[in-house]
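Peer 1: Please read through the structure below; I'll follow up with questions.
The values are calculated or read from the model by the stated rules, or taken from the named source; none is laboratory data. Since the model is a prediction, treat every value here as computed from it, not as a measurement. Note: accessible area is taken over every heavy atom of the protein model, side chains too, but ligands, DNA and RNA are not part of it. Shrake-Rupley method; radii C 1.70, N 1.55, O 1.52, S 1.80 Å.
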Amino acid sequence: MMPPLPVAVIPVVVVPLSALAMLFTALLAWPLAALRRWWMLFNVAILCLALYVLRFTFEGVCRRLAETDSWWATPAAFWAGLSPVAAAGAVWVWHRRAMTGAYPATGSGAGEKLVLVLLGVACLGVVGYRLASGYPDWDPLLVVSVPVWVGTLYTLLTPRLSSARLMPQEVMLWTLALACPLFGAASRLTWPR
């Protein structure tokens, strides 16, 4: 003889879960739209972070390769290699925006401006603390902070600029693409070989 089926499970478990699923869908629609807008910047940041961790995890191996005059094992080559990653992300954002025809007519919303200002202030605090503490390895923090500062200033000044046709993500990615080789050149001057 088979045991009776649990009929009470459907009204007690499934109905509240379906109501929660509808509620969470409505609540998460705006953050997901904002994340979709910034998706390529997050992807570039994660890829650059993974390459940074990989490079400096095997720093001893790279130092031995640098001693054999391998140009691609130098910090300058590493920073120059991150530049095409950021440039490809900026080109992708531009291409996606050009294909959809969605030009930012009104600029960023108040939430995005607030997040960028808070992130810019946090970067300013971290870089200031590292400089005041006398840590010698503050170059990577500047590579991250400079695009945030430029993107924040661009977002705050965009309503005053009538011909601004770029999105803040594009500005930040192009700034990162330019900052990486500059800091790579500076690393040749400051980092030990």
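Peer 1: Using 0.36 nm per residue of separation minus the Cα-Cα distance, give me the extension gain between A50 and L118 in nm, one decimal.
Peer 2: This chain segment gains 22.0 nm when fully extended.
Peer 1: Sort R165, R36, R96 by accessible area with a 1.4 Å probe, largest first.
Peer 2: Output order, biggest surface exposure first: R36, R165, R96.
Peer 1: Let me ask something else. So, taking all protein chains as they sit and a 1.4 Å probe, how much accessible area belongs to M22, in Å² rounded to tens?
Peer 2: Surface open to solvent at M22 totals about 130 Å².
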